[in-house]
C-alpha cells in the first residue's frame, strides 16, 4: 500500500491530472481516507482516556492513596509474582493484556538456548551444518541487545511470536503503556520492530509490527509479535525474522512535554524459528452472500482473531485516462528511490491492474450481542480481535459509503443491523 499512497500524494503536486482521472481517484480511494479518519478518532479517544486517568492518578497519589486506574502499569517483576521461568512462559505473562488476547495453550514452546550457544544466526547455522542438524536460531545479539524467541503459534493467517529483549543500556521501565481495548482498562507496553519477515514465501517488510508486552525490569522486556500472512499458511513452516531496528517511546519527559521517541536501536537480529499451523482450533467458513456488488465471501475464525473476507465494486485506470507519460512523470524518480532501497519498482502495468474499491465497512457481534473489536481492514478483508469473548454464533454486518462510520459507531447490534445493507449469521 505504501507505494500507492506515495503515488496518490504525488499526483496532487507533481502532475497535471485530467479532471475525470482525479475524480475517479478521489471517489474510489475514499475508503482509505475515511478509515484513516476513523483510526484518528479512536486514537484521540484513547489519548483522552489516558490523560483523564493520569490526572486521577496524580491526585490520588498526592493524597497518599493507592490508586488502581486504567493507565497505571505495574513495573513490578511479573515473573517473580507468578513464580515462573521467563523463557517458555511469555504468552502466559503478556497474552491477557495484548490486543489479540486469549489463552495461548496450544503454542509451541521453543527449546532453551544454552548460554554458550552462538548468538549470531550464521554461526548457529554453521554449527548445525557441522552436526548435520537444523535446530533453528532462537537467539540473536547485536549492538548491546539480545533477542531470544520463547514461543510460537500460527493459526494459518498469522504467526504469533513471543520474545525476550534484553538491553545492556536499559531504559525499558519508562516505556509508556497504551490501551489495547477500546473503552477498556487493559494496557500494554510496546516495542516497534523494523525489518523483514517470511514464512515460506517472499520476504515482507515489517509494517506496524509491535512487540506488545511489559518491562520485567529496566533492562528486560517481554512481548508478543503478530505477523499477518498474505495467503493461508498450511502445515509446517519456518519463520525467518530479520530485525534491523527496535524503537520505543519514553514517558520520562519533563512535566508538560509530549511523549517523544527515546529509543531507536539499530542492529542485525536474525531468527529462524520452525512452526506448525494449528488446524484443530481454527475454521474457514464459506458465506457467499452478496448484494449490489458487495459481498461477504467467507469468514476465518481462530481463538484470537476473526477475519471477514469481503467484496465490493471497484474501478481501474485505463490507458486513455492514465498514459505512460503520466506514469513516468509520477514514478520515474520514485522508482529510482524504491530500487535503491532494494524494493521492486512499480510498473505501468501494476497501476492499470490496481483495483480501487468502493468504501465499505463491517461489524461483527457474537451470540450475546457483544461487538468484536475491529483492528484494521483493507479492500478484501477486515480483521477483528476476539479478546476472550465467547464465540458460538457470529453476526456479520456490512454497510456501504452511505453509512460512513455508522457500523463503527453503532451503540449496539440492533443499530448496526439497521444500518447494514448486508448481513450473515454463522453458527460455530
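The values are calculated or read from the model by the stated rules, or taken from the named source; none is laboratory data. These figures come from a predicted structure and were not determined experimentally. Here Cβ is always computed from backbone atoms with ideal geometry, including for glycine, and neighbour counts include all displayed protein chains.
Odds and ends about this structure:
- If you go through the stretch 362-382 and keep only what is under 18 Å from residue 414 (Cβ atoms) and touching a strand residue (DSSP E or B) at 6+ places or on another chain (Cβ under 6 Å), you end up with 362, 363, 364, 365, 367, 371, 372.
- Single residue of 387, 370 found to be within 21 Å of the chain's Cα centre (by Cα) and either on the phi > 0 side of the Ramachandran plot or without any contact (Cβ under 8 Å) to a residue 40 or more places away in the chain (or both): 387
- Scanning the stretch 379-414 for residues that are part of a helix (DSSP H, G or I) and closer than 28 Å to residue 102 by Cα yields 407, 408, 409, 413, 414.
- Filtered by the rule that a residue be within 16 Å of the chain's Cα centre (by Cα), surrounded by 22 or more Cβ atoms within 10 Å (Cβ to Cβ) and assigned to a loop (DSSP other than H, G, I, E, B), the stretch 146-179 gives a lone residue, 155.
- Condition check for residue 221: at pLDDT 95 or above, surrounded by 21 or more Cβ atoms within 10 Å (Cβ to Cβ) and within 24 Å of residue 252 (Cα to Cα): yes
- Among the residues of the stretch 346-367, those that are touching a residue at least 40 places away in the same chain (Cβ under 8 Å) and under 30 Å from residue 98 (Cα atoms) comprise 359, 360, 361, 362, 363, 364, 365.
- Hey, residue 358 closer than 18 Å to residue 405 by Cα, surrounded by 12 or more Cβ atoms within 10 Å (Cβ to Cβ) and in contact with a helix residue (DSSP H, G or I) (Cβ under 9 Å, 6 or more places away or on another chain) or not: yes
- Residues of the stretch 277-290 that turn out to be more than 30 Å from residue 181 (Cβ to Cβ) and exposed (fewer than 13 other Cβ atoms within 10 Å of the Cβ), as a count: 2
- Candidates are the residues of the stretch 338-378 that are at pLDDT below 90 and part of a helix (DSSP H, G or I); the one that is nearest to residue 417 (Cα to Cα) is 338.
- Candidates 200, 195 - the one that is buried (at least 17 other Cβ atoms within 10 Å of the Cβ) and in the same structural domain as residue 88 (by TED's automatic domain parsing): 195
- Scope the stretch 229-261; condition assigned to a strand (DSSP E or B), modelled with pLDDT under 85 and surrounded by fewer than 16 Cβ atoms within 10 Å (Cβ to Cβ); matching residues: 260, 261
- Counting only strands (runs of 3 or more DSSP E) that sit completely within the stretch 275-332, those holding 2 or more residues that are more than 30 Å from residue 161 (Cβ to Cβ), assigned by TED's automatic domain parsing to the domain that holds residue 394 and touching a strand residue (DSSP E or B) at 6+ places or on another chain (Cβ under 7 Å) correspond to 283-291, 294-301.
- Any hit, the stretch 116-137, residues being modelled with pLDDT of 90 or more, surrounded by 18 or more Cβ atoms within 10 Å (Cβ to Cβ) and in contact with a strand residue (DSSP E or B) (Cβ under 8 Å, 6 or more places away or on another chain): no
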